[in-house]
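Before any comments, here is the structure.
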Amino acid sequence: MSRSLGSIVEALGGQLHGDAHALIQRLAPLSTAGTHDLAFVAQARYASQIETTRASALIVPPALQAVAALRGACIVTDDPYLYFARLTQWWRAQHEPRPEPRIDPLASIHPDALIGEGVDIAAFVTVGPGARIGAGARLGSHTVIGAGAMVGEQSLLHPRVTLGERCSVGERCVLHPGVVIGADGFGFAPHKGQWVKIEQLGAVRIGNDVEIGANTCIDRGALDDTVIEDGVKLDNLIQIGHNVHIGAHSAMAGCVGVAGSATIGAHCTVGGGAVVLGHLTLADGVNISAASVVTRSISRPGHYTGMFPIDDNASWEKNAASLKQLNRLRERLKAVEQAIEQATQVTPKP
Amino acid sequence: MSRSLGSIVEALGGQLHGDAHALIQRLAPLSTAGTHDLAFVAQARYASQIETTRASALIVPPALQAVAALRGACIVTDDPYLYFARLTQWWRAQHEPRPEPRIDPLASIHPDALIGEGVDIAAFVTVGPGARIGAGARLGSHTVIGAGAMVGEQSLLHPRVTLGERCSVGERCVLHPGVVIGADGFGFAPHKGQWVKIEQLGAVRIGNDVEIGANTCIDRGALDDTVIEDGVKLDNLIQIGHNVHIGAHSAMAGCVGVAGSATIGAHCTVGGGAVVLGHLTLADGVNISAASVVTRSISRPGHYTGMFPIDDNASWEKNAASLKQLNRLRERLKAVEQAIEQATQVTPKP
Amino acid sequence: MSRSLGSIVEALGGQLHGDAHALIQRLAPLSTAGTHDLAFVAQARYASQIETTRASALIVPPALQAVAALRGACIVTDDPYLYFARLTQWWRAQHEPRPEPRIDPLASIHPDALIGEGVDIAAFVTVGPGARIGAGARLGSHTVIGAGAMVGEQSLLHPRVTLGERCSVGERCVLHPGVVIGADGFGFAPHKGQWVKIEQLGAVRIGNDVEIGANTCIDRGALDDTVIEDGVKLDNLIQIGHNVHIGAHSAMAGCVGVAGSATIGAHCTVGGGAVVLGHLTLADGVNISAASVVTRSISRPGHYTGMFPIDDNASWEKNAASLKQLNRLRERLKAVEQAIEQATQVTPKP
């Protein structure tokens, strides 16, 4: 199925240069685009690729209009990346019209659950007593909605999602396969060398427009709730401990771990594999690099990193061995400085 | 639903100061407790919060009895945290009485499986031939019990747990959603640049009173079994490789990885995101900090750490660059020391 | 069930020394083998264990034939580890003959799906419209095959695997429980402090003879496909971002994260918990140590590491504190060198 450049601009705006009737068969990356494809160039530093791409048409910022128009059709817009994002949404809606909602006869829905208008429920879904599914929501196969849980309108739960009892998901959320919302937080009291379970009596509350990646886990609170605010985006295989609070529009890449009772501000980003220890507070606008370990609260927005630089193994071995003597090296350096000072009456100055 | 202070002390002990008829509506953290809530104070350093909390009643140690009694009702007990843990268990039992066990007609149970007394099996569960489910055990929806697998009495498998063939779980265990017990260990023999699979013929044996968090994986042994002893607590998204042995009452936080054939002692703790390499041995009572990588066996109990300290990104970049020359710095320092020694006939002494 | 040494050699080759009629009851590790067990010794450095093992028979390389034959039966082969791998496969086939394939009546298979000859489909599987399941493939219970997805011949999808729409898996692959193929890649365009979703229009293409561990996730591409080539082996709880390309016969241990658009060569290995950042390229034959973070492309084969060495916590604290002043230490050292040079007219030489 193809769409004309004209229909794209009609739907999404932008200034078209070129033939409005030209047909686009595929959205494609600049480097692999073919002769019937539409690609985007967000930044001037990719301008050199404009000359070599085989794309039929390009989405470009005003600064690249001249060079793009030289080679063929283009759509000019202030923010090509944003335009492209909206284009993917429009493209999907055009090509994969949502089927009529239905409730599969192989779903197991408790008679005391409330199912809204136009809800789609696939085979082998279970919905517990007192659960409420908002209008237009979709539940993929094998998804489990616990007793008293709530799914907001137009939310999409892919197959094999677990939403624990009394937990809630807002509107227009997307939860990917294997997500577990509302497993017990990790809480035990030590007693005579053993662990006594602290029942986790809280729940999880998730705002609107939240997306949660495959196999990510968000634990229920011990007493109060774990809270994920509006617009948060979590990638795959992330662990969110009990009583964590994540502020609006923060985003985390895959394999991040956030320990219990951490409070993360709004508009934060956390890189893949990073760890945030428990009971810490991160201010709004904090960016944590991949694989960094946040061991203290951060009160100012900014970019923070802590990660051992990779090296060839032989060099790493030498430096790692020296690292174990680093404090000792510092003391030796101080002694050297003092020896020089005594010998020359002059303090070395870096 | 509320409970009186008197009924709590009757069930759990402790010394009540105040009105036994006062009703508690909720267990709450000290900081967010409301006027009908019960909170606990475990340590004297939180004493200052006693004056500001709005909690109706407090659980406190003897040292805080005086200050707590000044402001209202309190329960005095030697270990408030332990008391609180038991209180959460009692509270849940009071408020969520276990429903009558039933076997959902939509479960798929092999006729050669042995199902004990009072077992509860939800919809879409599969139980393979030769599997045995102990009395009072509960299997959440979509849980898979492989051929010849065993679940001990009173264990709770939440929805979407997989227990592989011939694997066993002890009594009173709790397995959270998405847990995978008994996937194949990662074993391949290299041959002409390719990998030849080593079939994993062992199983997984899990003791009593073990809790396993959401989406955690424990692989089956290659020949012998992977073993998790009594009372072990594993958080979410943990990977336990084949032939690992974890001693009794050890606990691991989220996102830990333990490579194959590692032997971890009893009463150990491993912080979130830590990695234990394969074929190592950790003594009883070893504590590993979060995000640390255990690259060698540890024979003495104690606290071990290895983690790059986080910093603002600009500082980190400078220090990380220097780190790659650390061994060279050490050599330069040695040269300086020798130069001073030659010049002054005196060895600098830190 | 036991097998004679003769039948093993007949099936797998090797030179038998000893009684061909001797019966083997179990394959076992050298250290725990009993008197009816068969164990292997791959390397001469384990020769000392040959004298103490209770194994009935041993698989050994020619160099150990003499010492092994002294104590009893042995099979001599050039590569005992490879022999052992093939033996486990033969052993499993002997002891667990594959049951007759059947399609469980409780599976939900779309009438427009194409199911090959001899396919086995367990209870509660869903197969979407247009999906194709190759001859001899097996789908474990609760596995989800999306619309238009493809499973190659003889592949084994364990219970609770999700294969997203339009994604494909080659022949003879093994996917363990909880695997998610084809969840959306993590792509959002920032706009006024919020995130606008980029619909992920690509798919995932997986070659032949690929094995994927429990709860591992491979995201679909944004526009082009994510590609896993033939013979790749991925352990549990691995995250593969969108548009990643993994070359043939590469292997990754548990908990690895590979960010979007990374290109990893053939015959690479990545240790457990390592992170590969996005848009990087790793040459063929690169080996990354466990828990290392790959922050730049690597163009030469070799062994690379970056990991903070573990230490007792007190020592770590001192060295980590010094690390934050490392760049400053370097400047101080330079000043010292200059002071010595000025004082003595001699540059210190390491």
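The values are calculated or read from the model by the stated rules, or taken from the named source; none is laboratory data. In this text the structure is predicted, and so the values were computed from the model without any measurement. Here the Cβ positions follow ideal geometry from the backbone for every residue, glycine too, while neighbour counts run over all protein chains shown. To get the accessible areas, we keep the full protein, side chains included, count just its heavy atoms, and leave off ligands, DNA and RNA. Shrake-Rupley method; radii C 1.70, N 1.55, O 1.52, S 1.80 Å.
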Counted residues in the range A:256-293 being open to solvent by 30 Å² or more (accessible area, probe 1.4 Å) and either at positive phi or not in a strand (DSSP E or B) (or both) come to 6
Log entry, pairs with first residue in the range C:1-22 being touching a residue at least 60 places away in the same chain (Cβ under 8 Å) and closer than 16 Å to residue C:86 by Cα, second being part of a loop (DSSP other than H, G, I, E, B) and open to solvent by less than 30 Å² (accessible area, probe 1.4 Å), beta carbons closer than 6 Å, six or more apart or on different chains, reads C:5/C:22; C:14/C:77
Looking across the range B:166-189 at residues that are more than 21 Å from residue B:229 (Cα to Cα) and open to solvent by 10 Å² or more (accessible area, probe 1.4 Å), the single one that is nearest to the chain's Cα centre (by Cα) is B:186
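Report, by residue number, each residue of the range B:125-155 that is in a strand (DSSP E or B) and within 13 Å of chain A (Cβ to nearest Cβ).
B:126, B:139, B:144
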When the range C:179-229 is checked residue by residue, the ones that are touching a residue at least 60 places away in the same chain (Cβ under 8 Å) and under 27 Å from residue B:160 (Cα atoms) are C:185, C:186
Here the residues within the range A:223-236 that are within 8 Å of another protein chain (Cβ to nearest Cβ) and either within 19 Å of residue A:263 (Cβ to Cβ) or open to solvent by less than 10 Å² (accessible area, probe 1.4 Å) (or both) are A:223, A:224, A:231, A:233, A:236
Within the range A:305-350, residues assigned to a loop (DSSP other than H, G, I, E, B), at the interface with chain B (Cβ under 8 Å from one of its Cβ atoms) and touching a Lys or Arg at 6+ places or on another chain (Cβ under 9 Å) come out as A:309, A:325
Counting only residues that are among the small types (Gly, Ala, Ser), within 7 Å of another protein chain (Cβ to nearest Cβ) and part of a strand (DSSP E or B), the range B:175-189 contains a total of 2
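Does the range A:128-165 hold any residues that are among the basic types (Lys, Arg) and open to solvent by less than 10 Å² (accessible area, probe 1.4 Å), and which are they?
A:160
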Subset of the range A:237-255, residues open to solvent by 10 Å² or more (accessible area, probe 1.4 Å), in a loop (DSSP other than H, G, I, E, B) and more than 20 Å from residue B:291 (Cβ to Cβ), comes to A:243, A:248, A:249
Restricting the range C:1-15 to residues that are more than 16 Å from residue C:72 (Cα to Cα) and hydroxyl-bearing (Ser, Thr, Tyr), the one surrounded by the most Cβ atoms within 10 Å (Cβ to Cβ) turns out to be C:7
Considering the range A:294-304, residues that are assigned to a loop (DSSP other than H, G, I, E, B) and of a type outside the set (Gly, Ala, Ser), and then whichever is farthest from the other protein chains (Cβ to nearest Cβ), we arrive at A:301
**Item:** Filter result for residue A:210 (within 17 Å of the chain's Cα centre (by Cα), open to solvent by 10 Å² or more (accessible area, probe 1.4 Å) and either under 22 Å from residue C:182 (Cβ atoms) or facing chain B (nearest Cβ under 7 Å) (or both))
**Value:** no
Scanning the range B:299-327 for residues that are closer than 30 Å to residue A:344 by Cβ and not hydrophobic (A, V, I, L, M, F, W, C), the one most open to solvent (accessible area, probe 1.4 Å) turns out to be B:318
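Yes/no per residue for (1) open to solvent by 50 Å² or more (accessible area, probe 1.4 Å); (2) over 29 Å from residue B:104 (Cβ atoms); (3) at the interface with chain C (Cβ under 9 Å from one of its Cβ atoms); (4) of a type outside the set (Val, Ile, Thr):
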residue: A:73; (1), (2), (3), (4): no, yes, no, yes
residue: A:80; (1), (2), (3), (4): no, yes, no, yes
residue: A:84; (1), (2), (3), (4): no, yes, yes, yes
residue: A:89; (1), (2), (3), (4): yes, yes, yes, yes
residue: A:99; (1), (2), (3), (4): yes, no, no, yes
Going through the range B:156-168 in order, the residues found to be over 11 Å from residue B:131 (Cβ atoms) and outside any loop (DSSP other than H, G, I, E, B) are B:156, B:157, B:162
Only one of B:330, B:296 is open to solvent by 40 Å² or more (accessible area, probe 1.4 Å), touching a Leu at 6+ places or on another chain (Cβ under 8 Å) and not assigned by TED's automatic domain parsing to the domain that holds residue B:163, namely B:330
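If you check residue C:94 against the conditions, is it in contact (Cβ under 8 Å) with a residue 12 or more places away in the chain, more than 26 Å from residue B:224 (Cβ to Cβ) and of a type in the set (S, T, N, Q)?
no
Results for (1) modelled with pLDDT under 95; (2) of a type in the set (Val, Ile, Thr); (3) open to solvent by 40 Å² or more (accessible area, probe 1.4 Å), shown as yes or no for each residue.
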{"residue": "A:17", "(1), (2), (3)": "no, no, yes"}
{"residue": "A:26", "(1), (2), (3)": "no, no, yes"}
{"residue": "A:30", "(1), (2), (3)": "yes, no, no"}
{"residue": "A:37", "(1), (2), (3)": "no, no, no"}
{"residue": "A:46", "(1), (2), (3)": "yes, no, yes"}
{"residue": "A:50", "(1), (2), (3)": "yes, yes, no"}
{"residue": "A:53", "(1), (2), (3)": "yes, yes, no"}
{"residue": "A:58", "(1), (2), (3)": "no, no, no"}
{"residue": "A:69", "(1), (2), (3)": "yes, no, yes"}
